[in-house]
Ligand code: EPZ
């Protein structure tokens, strides 16, 4: 089992380059199932959720080749198997996208119930509502979802909840359907726009991604033969912005889309740090303890739940008391018990938490409770006095590429130790 040993105290300084977005890449890979051809995807984050998505693709008949560390060539001309391996699909959430894409292409899909971070109940009723509305029969039993249709027909779907997963999955299932599909009350995250842009590059006809209403005009075939670059990771960029704030650092964050960060930037300014945008870079610098701030997480363009633990670390050392209200997940404050082991004073009240800012955190052995909690605890280790050891790194490796190397290059004292 690996662990990270972090010795805190160094302000982070220098330049860091952001990778392609995990939550886009894990949707684009299943989306290739809809293509009857070959495509190349660049700026792919080399992380474990991506690798497992590629393995699933191979198991169902695709040829997948890493042509460099961050470039994939995928040949989906011979998709033969409509059952995605159940043990692999149950390891992460985005495996559910194989239902939409297999159903879209083969009119049949069997996929294990998706796993992923434990953030409370993670139902998929809205995905199922969309598939059924397109004409599929869907059954959930014995830990698997089976969907089948003789024909998928364009339809009008109103999603009862703003859901990233359901928006993407229904879009995937409708790309090759007969006629047009209108999806209302869609999520608007950058990775949704990215999936639509990718599919359009490969021959689909999708309009409105990034707004509440997406219109998908069914096409006969996606031919591929194109190259597509994954959008920069909004959450990784935000993680480094917040690491600069917490450590009173000075960071140039490269290869990001500053406009995707507006909501976080507003909060960082409220906390007393400086932010400057310049083309595809963001400069964040902080010279004092963060001011208190209140946060409510919401769907995009609201404050992202996936940056909640990282800003929680900044608020744990802020000047004053702050409140975070979690608007997406039932259980996203598990990391606060770990932060309290480091001297933070946080009271978890279920869907909200009160952060009484302390002057210092102290190094301690802590455990990553989920992916973003892992990133937050690294930031906490970097500001703490003394040594922090972080275990349960499988969460971290699912979603951040080379994270400790990236932190080391900007002055962090952080080492990975492999233990039997
Ligand atoms: C995506 O999860 C992300 N994962 C999550 O990131 C992120 O936290 C979340 O969106 C919100 O931004 C991926 O993209 C792989 P949702 P997803 O469907 O699609 C409820 C990370 O750290 N809901 O938008 O699963 C649901 O319970 C991960 O990278 C239903 O009720 O999230 C939640 O309360 C963690 N029925 C809310 O909607 C449904 O059918 C939003 O979930 C679907 C969702």
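The values are calculated or read from the model by the stated rules, or taken from the named source; none is laboratory data. Treat the numbers as computed from the prediction; the structure is a model and nothing was measured. With ideal geometry, Cβ positions are generated from the backbone for all residues, glycine too; neighbour counts draw on all protein chains shown.
At-a-glance table
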quantity: Sole exception among (1) closer than 30 Å to residue 15 by Cβ; (2) touching a helix residue (DSSP H, G or I) at 6+ places or on another chain (Cβ under 6 Å); (3) within 16 Å of the ligand (Cβ to nearest atom) for residue 246, by number; calculated: (3)
quantity: Any hit, the range 19-37, residues being assigned to a strand (DSSP E or B), within 23 Å of residue 187 (Cα to Cα), within 16 Å of the ligand (Cβ to nearest atom) and under 22 Å from the mean Cα position of the chain (by Cα); calculated: yes
quantity: Test: residue in the range 133-140 that is within 12 Å of the ligand (Cβ to nearest atom) and crowded, with 20+ Cβ neighbours inside 10 Å; calculated: no
quantity: Residue count for the range 315-330, restricted to those that are in contact with a strand residue (DSSP E or B) (Cβ under 9 Å, 6 or more places away or on another chain) and within 16 Å of the ligand (Cβ to nearest atom); calculated: 6
quantity: Number of positions in the range 1-18 that are in a loop (DSSP other than H, G, I, E, B) and closer than 23 Å to residue 371 by Cα; calculated: 4
quantity: Selection from the range 192-230 of residues that are out of contact with any strand residue (DSSP E or B) (no Cβ under 7 Å at 6 or more places or on another chain), under 22 Å from residue 17 (Cβ atoms) and surrounded by fewer than 24 Cβ atoms within 10 Å (Cβ to Cβ); calculated: 197
quantity: Test: residue in the range 161-175 that is more than 16 Å from the ligand (Cβ to nearest atom), in a strand (DSSP E or B) and modelled with pLDDT of 95 or more; calculated: no
quantity: Subset of the range 71-98 (residues that are over 19 Å from the mean Cα position of the chain (by Cα) and either in contact (Cβ under 8 Å) with a residue 60 or more places away in the chain or part of a loop (DSSP other than H, G, I, E, B) (or both)); calculated: 76, 77, 78, 79, 80, 81, 82, 84, 85
quantity: Unique residue being buried (at least 21 other Cβ atoms within 10 Å of the Cβ), in the same structural domain as residue 112 (by TED's automatic domain parsing) and free of Cβ contacts under 8 Å to residues at least 60 places away in the same chain when the list is 145, 168, 161, 182; calculated: 145
quantity: Some residue of the range 294-306 being more than 16 Å from the ligand (Cβ to nearest atom) and either out of contact with any helix residue (DSSP H, G or I) (no Cβ under 9 Å at 6 or more places or on another chain) or part of a loop (DSSP other than H, G, I, E, B) (or both); calculated: yes
quantity: Hey, residue 356 under 30 Å from residue 43 (Cα atoms), surrounded by fewer than 16 Cβ atoms within 10 Å (Cβ to Cβ) and more than 14 Å from the ligand (Cβ to nearest atom) or not; calculated: no
